[in-house]
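Notes follow once the structure below has been shown.
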Amino acid sequence: MNKKSINLTAPAKINLFLEVLGKRPDGYHELETVMQEIDLADTITLEETEGGIELSCTDSDVPCDQSNLVWKAARVFQKETGVEKGVRAHLVKRIPVAAGLGGGSSDAAATLKGLNTLWEAGLSETRLMEMGAQIGSDVPFFIKGGTALCTGRGEIVTPLRVRHRFSYIILYPEIRVSTAEIYNNLKIGLTREKKDVNLTCKALLSDNANALNGSLFNRLEEVAFELYPELRGFRELLEGYLPGGGVLLSGSGSAIYGHCEKQEEAENVKEELNRRGIKKAFVVSSMLATASA
Ligand code: C5P
C-alpha cells in the first residue's frame, strides 16, 4: 500500500531587533522584535498512519516525547480539527537547540502546515497561526516566514517586504540557554530609553547594510551575558573579525551572528572560527517570503 507522506523544510531565524516593552499580566513579556528566516534548516517527513503520533529524530539529545514541539503541533492539529488520523514524523535536526534560532518553533510551524496539506484540512493561514500561538510565541512567525516585525508576545506578525538577501555568519557556542530563565532575570527599568525598531525596518527595506549594522539591537543580550558570561567572549571574538559591526546575540541566545556584506566574507570568518576550534559555525543567507505568505 502506498502511504501518504510529505517532506518539509523548517528554517531557523535570527532576531535583528528585540526590545522588551514590559511584563504582561499573563507572565509573558510585551515585545517588539524583527525576525528573519535564514537558510539553515531542519527537515521533517510526515507520514499518515491509522492513529496516534510517533516521532523519531536524528539527534539523540532531542526528546521525541510529548515535550517536542512537533509532537505538540500534531496534537493541537488533531484536537482542533477532529481529524481521526495519525502521523509518523521523522525530524532531521540541523538547527542547534536552545540557541535562540527558533528551531523547535519552526519545526512546529512546518508540522502544522504539513498536516494541513497531508490531511487536506484546508485551514487558512490565520487559523494555522492561531494554532501556532498555542504552541509557542514564535510559531506564528514561521507560518508566515520571510522577515517580519513581531509584536504582542511575538505572535502578532507584520511582514516586511525585504527584497535583498543578507549574508550572515552564525557562531553556536555549544551552550544551551533557557529562554524562560533569561526572561525571569530581566529587569525592566522605567527610566531606560526605548530603542526604535523603525531604524531596523527602514535599513532592511532600503537594503542599507551600514544602517542595518547600526540598528541591530537585543534587549536580552545584557541579561544573557550576566547569566552566561562565556557568551560575551564569543561576541567579542566575532566582532574582531567584523570591524564594520553588525554582531548580535540572537533571541535569548546562545547563538551569536554577524552580518557580512558578502557571503565570501562569511566563508572567510567561518574558516577562521574553525581554525580556532569552533566547529559549529554556519554561513547563511536570509530567506525571502514565499508568494503565498
Ligand atoms: O512562548 P514560548 O513557549 O516560546 O516562550 C518560552 C518562555 O519564554 C515563556 O515561558 C516565557 O517565560 C518566556 N517568554 C516571555 N515573553 C515572551 C516570550 C517568551 O516571557 N514574549
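Laboratory data are not the source of any read-out in this text; all were calculated from the coordinates shown. What you are looking at is a predicted structure, and each value in this text was computed from that prediction instead of being measured. Neighbour counts run over all protein chains shown; Cβ positions are idealised from the backbone, glycine included.
Which pairs in the list LYS13/LYS195; LYS144/LYS270; LYS93/LYS113; LYS93/LYS279; LYS93/LYS187; LYS72/LYS279 are over 24 Å apart, alpha-carbon to alpha-carbon?
Violating the 24 Å Cα-Cα cut-off are LYS144/LYS270; LYS93/LYS187; LYS72/LYS279.
Suppose the chain between ARG192 and LEU227 were pulled fully straight at 0.36 nm per residue; how much longer would it get relative to their current alpha carbon spacing?
10.5 nm
Could you tell me what fraction of 2.2 N^0.38 Å the Cα radius of gyration of the chain comes to, as a two-decimal ratio?
Ratio of Rg to 2.2 N^0.38 Å for the chain: 0.99.
Using a Förster radius of 45 Å, what is the FRET efficiency between ASP61 and HIS164 based on their Cβ-Cβ separation? Nearest 0.05, please.
E(calc), rounded to 0.05, equals 0.80.
For helix 125-135, report the angle its Cα long axis makes with the longest principal axis of the Cα atoms of the chain; keep it between 0 and 90° and round to the nearest 10°.
80 degrees
Residue farthest toward the positive end of the dipole of the chain, with Cβ of Lys/Arg at +1 and Asp/Glu at -1: which of ILE175, ILE6, PRO63?
In the chain, that residue is ILE6.
Determine, for each peptide in 275-281, 137-143, 7-13, the mean count of other beta carbons within 10 angstrom over its residues, then list the peptides with the highest first.
The peptides rank, most packed first, as 137-143, 7-13, 275-281.
With springs only between Cα atoms under 10 Å, which of THR58, THR33, THR147 fluctuates most in a Gaussian network model of the chain?
Largest GNM mean-square fluctuation: THR58.
Could you work out the relative contact order of the chain, using alpha carbon pairs under 8 angstrom and six or more residues apart, expressed as a whole percent?
The value is 23 percent.
Remind me, relative contact order of region 23-117 in percent, using alpha carbon pairs under 8 angstrom and six or more residues apart?
37 percent
Could you give the size of the charge dipole of the chain about its Cα centre, using +1 on the Cβ of each K and R and -1 on the Cβ of each D and E, expressed in debye and rounded to the nearest 20?
So the magnitude is around 220 debye.
Relative contact order, percent, of region 153-273 when contacts are C-alpha pairs under 8 Å separated by at least 6 residues?
Once divided by the residue count of region 153-273, the mean separation gives 37 percent.
Would you mind checking the tilt of helix 263-275 against the longest principal axis of the Cα atoms of the chain, expressed as 0 to 90 degrees and rounded to 10?
Once rounded, one gets 90 degrees.
Arrange the peptides 49-55, 225-231, 150-156, 259-265 so that the one whose residues have, on average, the most other Cβ atoms within 10 Å appears first.
So the order, starting with the most tightly packed, is 150-156, 259-265, 225-231, 49-55.
If the label point is 7 Å along Cα→Cβ of LEU288, which residues in region 202-223 have backbone nitrogen under 14 Å from it?
Label zone hits: 207.
Amide H neighbours of GLY152 under 5 Å, counting only residues 5+ apart in sequence or on other chains, H built in-plane at 1.01 Å?
Close amide H contacts, sequence-distant or interchain: LEU31.
Over every pair of different alpha-carbon atoms in region 83-127, take the mean of 1/r and invert it; report that Kirkwood radius in Å.
Evaluated on region 83-127, it is 12.1 Å.
Gap in Å between the Cα centre of region 34-70 and the Cα centre of region 79-151?
10 Å
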